[in-house]
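Report on the following structure.
Just so you know, all these numbers are worked out from the coordinates, no wet-lab data involved. Quick caveat, the model's predicted, so the values are computed rather than measured. No Cβ is skipped: glycine too gets one built from the backbone with ideal geometry, and neighbour counts run over all protein chains shown.
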């Protein structure tokens, strides 16, 4: 029986999910997919689930609507749901979502890429020795562009992110920070004993939207620190991580996502992605950027729906630990 995808969201996330489905059909024709149905905002989910197909709900609408749509989808009979991050932006939604028993995947796509997956294996194999710290940055320039161009860019006063009900109480800290924090939790395989943050609202299009943040997590086995920003002038999608260990340091960045820079003492070597196993299955150095993570997660979810062997993917309950930390973090 074919899987019928229903996609909510017409922005970057929703379009990314739809593109991922189309690419999956090309790289794996055995996956039986019906054409996607695009849902409109506020459309009732009641009556969409029938016995004629296997329904799949993909949620890519504004962040503040994610939690309720997960719950509404379950009430409407959806057993299979994939949602973009963050899964919620309100502390009140966390206990409700903790009760969900259905299989809900979350599009924390960066951790599914070759670089972070390889670093995770290196950590588990003890290749770093004692890990001193994990440090990095996730920088974009949307707020800087808005400030310089006085609202003429897509980050305008009409942006849905300017509505706290749709976007939540933070911006950079929770939007980009959710990705960064998920990566740290993934590497640590644990939750932090202590968390803290500092935020700035300089160049913010709306008062609640922090434009720059620092985060620090103290995990049982290492500390992690990140610079999270939407107001670094001249950047694109600049995500970079360095794991600093006693034996070696390893750096991965989205700009060169198919390489790892391995440093030992004063020597640097480059490890290259060896094959086209991940995401769109493009050869190394011909990938599709952040959408690779969408493809990898959705593909593995579809494989599991079909009863086939699949790799693990980020889950709702993993993501709730991330959001519980960020929404309760000690902000200085």
Worksheet item: Would you call residue 243 over 21 Å from the mean Cα position of the chain (by Cα) and buried (at least 20 other Cβ atoms within 10 Å of the Cβ)?
Response: no
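Residue-by-condition table, conditions (1) more than 19 Å from residue 188 (Cα to Cα); (2) out of contact with any helix residue (DSSP H, G or I) (no Cβ under 6 Å at 6 or more places or on another chain):
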site	(1), (2)
240	no, yes
268	yes, yes
276	yes, yes
283	yes, yes
299	yes, no
308	yes, yes
Response to the item:
Note on the stretch 314-325: residues crowded, with 22+ Cβ neighbours inside 10 Å and closer than 17 Å to residue 172 by Cβ are 322, 323
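Among the residues of the stretch 15-39, count how many are part of a loop (DSSP other than H, G, I, E, B) and within 20 Å of residue 307 (Cα to Cα). If you could, list the steps in order and put the result at the bottom.
First, the residues of the stretch 15-39 that are part of a loop (DSSP other than H, G, I, E, B): 28-32, 34-36.
Subset that is within 20 Å of residue 307 (Cα to Cα): 28-32, 34.
Number satisfying all stated conditions: 6.
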Discussion item. I'd like the residue in the stretch 171-181 that is touching a strand residue (DSSP E or B) at 6+ places or on another chain (Cβ under 7 Å) and outside any helix (DSSP H, G or I) and, out of all such residues, is farthest from residue 223 (Cα to Cα).
Written reply: 172
Practice prompt. Give the stretch 202-240 a look and list any residue that's surrounded by fewer than 17 Cβ atoms within 10 Å (Cβ to Cβ) and more than 27 Å from residue 115 (Cβ to Cβ), or say none.
Written response: 202, 206, 207, 208
Worksheet item: Just one of the numbered conditions (1) in contact with a strand residue (DSSP E or B) (Cβ under 7 Å, 6 or more places away or on another chain); (2) exposed (fewer than 15 other Cβ atoms within 10 Å of the Cβ) is not true of residue 307; which one?
Response: (1)
